[in-house]
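Step one of this worksheet: look at the structure below.
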Amino acid sequence: MKRAGFTTRWLPILLLLPQLLIIFVFFYWPAGHALHSSFFLQDPFGFGSTFVGLDNYRDLAGNKEYMRIARFTLLFTLLVTFFSLAFALLLAVKADNVLRGAKTYRTLLMWVYAIAPPVAGFIGLIMFDQSWGPLTRFLQSIGWDFTLGVNFRDTATAMVIVSVWKQVPVNFIFFLSGLQSIPRSVREAAMIDNRSAAGRFWDVTFPLLAPTGFFLLITNITYSLFETFGTIDVLVKGEPGNNPMTLVYKVYVDGFRGNDLGGSSAQSVVLMVLVLALTIFQFRLVERRIHYT
Amino acid sequence: MAQVKLDAVRKVYPNGYQAVVPTSFQIEDGEFVVLVGPSGCGKSTLLRMIAGLEDITEGTLSIGGHAVNDVDPADRDIAMVFQNYALYPHMTVRKNIGYGLKNRKVPAAEIEAKVQEAAKMLNLTEYLDRKPSQLSGGQRQRVAMGRAVVRDPKLFLFDEPLSNLDAKLRNQMRIEIKALQRRLGVTSVYVTHDQVEAMTMADRIIVLNEGKIEQIGTPSEIYHNPASTFVASFMGAPPMNLIRAQIEDGQVKINGGTELMAVPAGWDSGEITLGVRPEDAVLDHSGAVPFEISIVEELGAHRLLHGEMAGQPFTVHVSKEVDIQPGQTRLTLNPSTLSLFDAESGKTL
Ligand SMILES: Nc1ncnc2c1ncn2[C@@H]1O[C@H](COP(=O)(O)OP(=O)(O)OP(=O)(O)O)[C@@H](O)[C@H]1O
Ligand SMILES: [Mg+2]
């Protein structure tokens with residue numbers, strides 16, 4: 001293969017500059033800022049700040065409420081990730097059997113992905129409306145008096161359901177294309193070797209989907225942790241007090257409602273470290289991922 | 001006993017395309033049958049119906065005397081070797097070969113013994129712990145073979161198993177597969193579009209064209225007595241020369257002149273197609289037929305002379321001893337080697 005080279009040293013730098021600038025302005029600069037302010041105690045009225053060292057972090061570690069929210073976030077992430085992946089896989093396997101290559105259905109199913117998280121939250125709000133929400137009515141009909149925004153557990157359930165609902169389509173698309181990239185003849189060879197469809201799925205299809213699965217696992221954890229913010233914001237709007245929230249939402253609540261910029265910055269730094277760890281883990285996996293040929 | 005019998009088996013794909021017209025034939029126990037034909041003629045479709053990977057639209061398929069139309073592929077006691085080998089990429093060679101046995105509840109020790117035996121037979125012993133991606137094309141091909149033989153099935157099905165190999169390996173594997181099938185005595189159906197494979201491997205050849213059978217016969221029958229101009233031009237390299245000729249006064253003539261052979265009394269006069277294998281035309285300075293050589297193609301063991309006879313393209317096959325230059329010469333055509341076809345339908349007369 002022929003490599004095209006740059007004749008001057010400045011052209012590549014010039015071409016990279018806009019991207020580097022964007023990364024700097026929207027990522028490194030705020031991140032550095034957050035790291036910096038996590039070592040200070042901010043005056044709530046903006047009249048200066050005092051250096052407090054690691055106090056903000058110590059406070060976090062000793063804060064019962066923060067730990068409670070961390071545990072909830074963990075549970076929330078596990079549930080959303082598991083159900084998003086499981087439903088998507090189930091749907092993809094079913095769809096794959098009927099619509100080999102039918103692109104229109106794929107596009108239709110993909111649409112849900114185009115819904116912005118707050119809109120998803122709003123649709124959830126309508127579905128779970130106290131007096132006329134169809135899902136509330138359905139739950140009432142089976143004897144569950146569902147009260148969104150009042151009962152902690154009910155609100156948490158709604159958060160999980162809406163977040164899963166929002167994420168299933170994108171997982172579905174990935175799983176479906178993963179399934180469709182398994183050579184037809186490999187599945188046919190398995191049909192001759194194994195009479196049980198379930199056995200074939202676990203022995204052949206599932207392992208061949210593993211690379212897609214690993215990738216989605218990381219994306220879905222990231223999604224549950226961070227991107228559900230908009231959904232949660234709409235669902236618990238107004239009274240975050242007793243309602244369940246995730247760590248990301250807590251950063252927002254403490255920083256912008258409670259005006260505790262130092263504590264909130266410390267929380268963001270903790271989350272940044274988490275993202276960093278996840279990213280490293282993902283890169284490791286991608287590197288080691290077995291390339292079947 | 002594994003006889004395969006197709007009784008008016010037909011295939012229409014869901015989009016309405018008829019890939020196989022109602023077709024009947026029977027494959028005897030232990031026989032090696034090759035399905036050959038141009039691309040898209042329905043060979044794979046026919047094979048996949050026998051395997052159970054494709055529904056049979058109409059007709060009955062029996063294996064070993066039982067109708068199997070509605071039997072699962074796994075329950076037909078067949079093994080199939082695919083063109084791209086279709087190995088399980090995430091399993092080692094050992095697991096690939098043993099997978100079918102494992103699902104048939106064969107005890108682990110017995111599986112291991114059978115896998116070892118198959119691996120030994122196919123020279124795969126040292127690769128048993130490798131993944132398919134760590135093997136060469138030829139080795140993958142052997143693994144695919146191993147997966148088929150280890151189960152000791154009633155029927156082997158091959159769908160162009162050698163077409164992804166280079167020419168040298170293809171020749172070698174061709175001989176190995178044939179020898180293996182001889183040794184195991186398993187009834188086999190082998191699909192190829194390569195007429196050399198068909199000629200060298202088959203006990204019987206089935207020539208398919210556009211979803212229907214053109215001819216069934218031994219390689220020698222197919223070669224020497226093609227049932228149609230299609231078979232004549234498909235089998236043999238270079239193909240049989242097909243030229244326009246006429247029947248007049250009980251004689252076959254080219255260009256209304258040179259008389260080549262007498263035809264039985266009562267044959268109608270008119271246009272026909274005359275078929276001559278390139279090696280059946282003999283260079284002969286006192287021959288009856290003029291032949292204008294334009295190109296001499298040097299092929300080492302022999303030479304091909306391309307030129308014109310009676311204004312139509314014609315090829316003659318001569319041995320390497322015959323030293324000849326382009327130019328005018330003459331040919332003798334032995335009547336017993338000529339094939340006559342209907343000019344319109346292409347069927348043999
Ligand atoms: N699923 C399908 N739906 C519709 N038509 C099909 C389908 N599969 C194959 N065909 C058509 O049926 C005909 C026969 O296909 P088949 O695969 O049997 O050909 P083949 O003889 O094996 O050709 P090749 O040598 O190229 O493998 C082709 O014209 C093909 O386009
Ligand atoms: Mg084919």
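The values are calculated or read from the model by the stated rules, or taken from the named source; none is laboratory data. All of these numbers come straight from a predicted model, not from anything done at the bench. Note: ideal-geometry Cβ built from the backbone for every residue, glycine included; neighbour counts use all protein chains shown. Remember, those area values only see protein heavy atoms, side chains included, never the ligands or the DNA or RNA. Shrake-Rupley method; radii C 1.70, N 1.55, O 1.52, S 1.80 Å.
Applying the selection to segment B:8-42, what residues are away from ligand 2 (no atom under 12 Å from the Cβ), outside any strand (DSSP E or B) and not aromatic (Phe, Trp, Tyr)?
Passing the criteria: B:14, B:15, B:16, B:28, B:29, B:30, B:31.
If only one of A:47, A:82, A:76, A:87 is in a loop (DSSP other than H, G, I, E, B) and hydrophobic (A, V, I, L, M, F, W, C), which one is it?
A:47
Any idea which residue in segment B:185-200 is nearest to the other protein chains (Cβ to nearest Cβ), counting only those that are part of a loop (DSSP other than H, G, I, E, B) and away from ligand 1 (no atom under 16 Å from the Cβ)?
Looking at residues that are part of a loop (DSSP other than H, G, I, E, B) and away from ligand 1 (no atom under 16 Å from the Cβ), I get B:186.
Mind counting the residues in segment A:71-91 that are surrounded by 16 or more Cβ atoms within 10 Å (Cβ to Cβ) and among the aliphatic types (A, V, I, L, M)?
Residues flagged as surrounded by 16 or more Cβ atoms within 10 Å (Cβ to Cβ) and among the aliphatic types (A, V, I, L, M) within segment A:71-91 amount to 6.
Which pairs do you get when a residue that is closer than 22 Å to residue A:260 by Cβ, found in segment A:22-34, comes within reach of a residue that is open to solvent by less than 70 Å² (accessible area, probe 1.4 Å), reach meaning Cβ atoms under 7 angstrom, with the pair 6+ apart or on two chains?
Partner pairs satisfying both residue conditions: A:31/A:272; A:34/A:265; A:34/A:268; A:34/A:269.
Do we have any residue at all in segment B:104-117 that's open to solvent by 70 Å² or more (accessible area, probe 1.4 Å) and within 13 Å of chain A (Cβ to nearest Cβ)?
yes
At least 3 residues that are under 21 Å from residue B:318 (Cα atoms) in each: list the strands (runs of 3 or more DSSP E) lying fully within segment B:213-270 that qualify.
Where strands (runs of 3 or more DSSP E) fall fully within segment B:213-270 and carry at least 3 residues being under 21 Å from residue B:318 (Cα atoms), they are B:241-248.
For segment B:272-319, which positions are within 27 Å of residue B:249 (Cα to Cα), in a strand (DSSP E or B) and open to solvent by 50 Å² or more (accessible area, probe 1.4 Å)?
Passing the criteria: B:282, B:290, B:308, B:313.
With respect to residue B:99, is the statement that it is more than 15 Å from ligand 1 (Cβ to nearest atom) and either away from chain A (no Cβ under 11 Å) or within 30 Å of residue B:128 (Cβ to Cβ) (or both) true?
Here the answer is yes, as residue B:99 does meet what is asked.
Name every residue in segment A:162-208 that is basic (Lys, Arg) and more than 10 Å from chain B (Cβ to nearest Cβ), in order of residue number.
Correct list: A:166 only.
Somewhere in segment A:209-216, is a residue more than 14 Å from chain B (Cβ to nearest Cβ) and either open to solvent by 20 Å² or more (accessible area, probe 1.4 Å) or not β-branched (Val, Ile, Thr) (or both)?
Yes.
Looking only at residues in segment B:66-80 that are within 9 Å of another protein chain (Cβ to nearest Cβ) and in contact (Cβ under 8 Å) with a residue 24 or more places away in the chain, which one is surrounded by the fewest Cβ atoms within 10 Å (Cβ to Cβ)?
B:74
Can you give me the number of residues within segment A:107-161 that are of a type in the set (S, T, N, Q) and within 22 Å of residue A:85 (Cβ to Cβ)?
Total satisfying the criteria: 2.
How many residues, within segment B:14-62, are more than 9 Å from ligand 1 (Cβ to nearest atom), β-branched (Val, Ile, Thr) and under 22 Å from the mean Cα position of the chain (by Cα)?
Final tally of qualifying residues: 7.
Which of the residues spanning segment B:201-227 are open to solvent by 30 Å² or more (accessible area, probe 1.4 Å) and either aromatic (Phe, Trp, Tyr) or in contact with a Leu (Cβ under 6 Å, 6 or more places away or on another chain) (or both)?
Result: B:223, single match.
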